[in-house]
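The values are calculated or read from the model by the stated rules, or taken from the named source; none is laboratory data. The structure presented is a predicted model; accordingly, all values stated were derived computationally and were not measured. Here the Cβ positions follow ideal geometry from the backbone for every residue, glycine too, while neighbour counts run over all protein chains shown.
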Amino acid sequence: MSSLIASVNYIETVNEVTMLGALRDAQQHNVKAVFILCCDNADEDLSFFNQCLAEFDIPIFGGVFPGLLSDGKVYEKGALIVGFAVDVNVSLHANMQNAAEQEFSPTINLDCLSIMVLVDGLANNIDYMTQQIFHLVGHGANVFGGGAGSLSFEQKPCIICNQGIFADALLMISLDQPFELAIGHGWEKLAGPFLASQAQGNQINSLNFQSALSVYQNVVSQHTELDFNSTPFFEIAKTFPFGIERLDDDMLVRDPITTEQQSLICVGNIPENTMLYILHGETDKLILAASNSVKTALSIGAQNREFGDGILFDCISRKLFLTGDYLNELTAIQNNFSSGTHLVGVLALGEIASGKAGMVNFHNKTAVTGLSYRNKDSD
């Protein structure tokens, strides 16, 4: 099939000189758009993106992430410059904190085959924006993507496009390419359900009408040797996420990342009066779930489709949980791809995907793989 990805170039040091060189090199491959994936590195000043990208007459989009993935390798510094061989349109939406007060009118063609969404993973209103995207797109296109940002959980510019680099922003990228989506996590129920008796946005204030932090600590302390008084909260919480059970789809995972007084702060919204479970995971089951989701997606219409390159949004907290076994997960996913195809992606702060019922969901601790394909009977 005609390839989605025309070129992949890795640069170890990110600055204006190396980035411009890599972008000009990508243009030599006659690419129609460029996907920039940068590693978060406190030592690098990325403000040069605000000046240098406007000179290019092709769409440029991307973000800054905790880690990068390319053909079975993990990169924790540098950048991947990925040239796309398909037509792309990009729409920037800034000031996410005011999303509910602003008119949402993307400047891209919504009658497209697929839409990638890149968002500041630490922004407010992510779930609100994914709902707005679904209302506009409906079941017409598969939507997938992920959250950019830093593991320091400090919000800073992380969304990249021709206009520059932005915090608190979202990109919608329409793609002239169909994708099948694979969504897998492998987390299982440990305790609950608990009523989110007081919650606002991504903050849980009470569970079962008691302090959310105390309820969570009391349950988790029975299943770990680590002590909340002497161990950073996220070091423990990365092993015990929340799960929202839904009638029309798989469990939606929510990652508690920090505390504020007696409240829990999550990546992604927790609707008030939702029933929550505390989850746990086993290494083998997490890896199998991620790999099997790709196998299942590849089996859909296998007689009529030819699959090609893939784009992977894998949650950074899966890597933090799996530690040395993470490469086994990446290899298990990669092994589903044919020789000569690319799999590129990121370690994300939250993952975005159209669900089984069509709704566009914001996930945590989940592997979302977009599998490009063409219909065999097409030209």
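Of note:
- When we screen A6, A26, A22 for residues that are outside any loop (DSSP other than H, G, I, E, B) and either of a type in the set (F, W, Y) or in contact with a Ser or Thr (Cβ under 7 Å, 6 or more places away or on another chain) (or both), the only hit is A26.
- Residue match in region 150-163 (condition: assigned to a strand (DSSP E or B), over 13 Å from the mean Cα position of the chain (by Cα) and at pLDDT 95 or above): yes
- Within region 297-324, the set of residues being in contact (Cβ under 8 Å) with a residue 40 or more places away in the chain, of a type outside the set (D, E, K, R) and farther than 17 Å from R374 by Cα comprises L312, F313, C315, I316, S317, L320, F321.
- Test: residue in region 344-355 that is buried (at least 18 other Cβ atoms within 10 Å of the Cβ), touching a Lys or Arg at 6+ places or on another chain (Cβ under 7 Å) and under 26 Å from R246 (Cα atoms): yes
- When residues of region 65-79 are limited to those that are surrounded by 15 or more Cβ atoms within 10 Å (Cβ to Cβ) and touching a Gly at 6+ places or on another chain (Cβ under 7 Å), the one farthest from E16 (Cα to Cα): L69
- In region 210-266, the residue that is farthest from C315 (Cα to Cα) out of those that are in contact with a His (Cβ under 8 Å, 6 or more places away or on another chain) and not hydrophobic (A, V, I, L, M, F, W, C) is H223.
- In region 187-287, counting only strands (runs of 3 or more DSSP E) that sit wholly within it, the ones holding 1 or more residues that are over 27 Å from G149 (Cα atoms) span 188-195, 198-200, 203-207, 275-280.
- Residues that are under 12 Å from the mean Cα position of the chain (by Cα), outside the structural domain of I270 (by TED's automatic domain parsing), modelled with pLDDT of 95 or more and of a type in the set (D, E) occur in region 314-322; there is at least one.
- For region 4-20, the set of residues classified as out of contact with any strand residue (DSSP E or B) (no Cβ under 6 Å at 6 or more places or on another chain) and either closer than 25 Å to T341 by Cα or touching a residue at least 60 places away in the same chain (Cβ under 8 Å) (or both) consists of E12, T13, M19, listed by residue number.
- Residue tally, condition assigned to a loop (DSSP other than H, G, I, E, B) and free of Cβ contacts under 8 Å to residues at least 60 places away in the same chain, over region 29-50: 9
- Among the residues examined, A353 does not qualify as assigned by TED's automatic domain parsing to the domain that holds F321 and within 8 Å of the chain's Cα centre (by Cα).
- Within the option set S114, S152, being over 22 Å from P256 (Cα atoms) and among the hydroxyl-bearing types (S, T, Y) holds for one residue only, S114.
- Restricting region 292-310 to residues that are part of a loop (DSSP other than H, G, I, E, B) and at negative phi, the residue that is surrounded by the most Cβ atoms within 10 Å (Cβ to Cβ): I300
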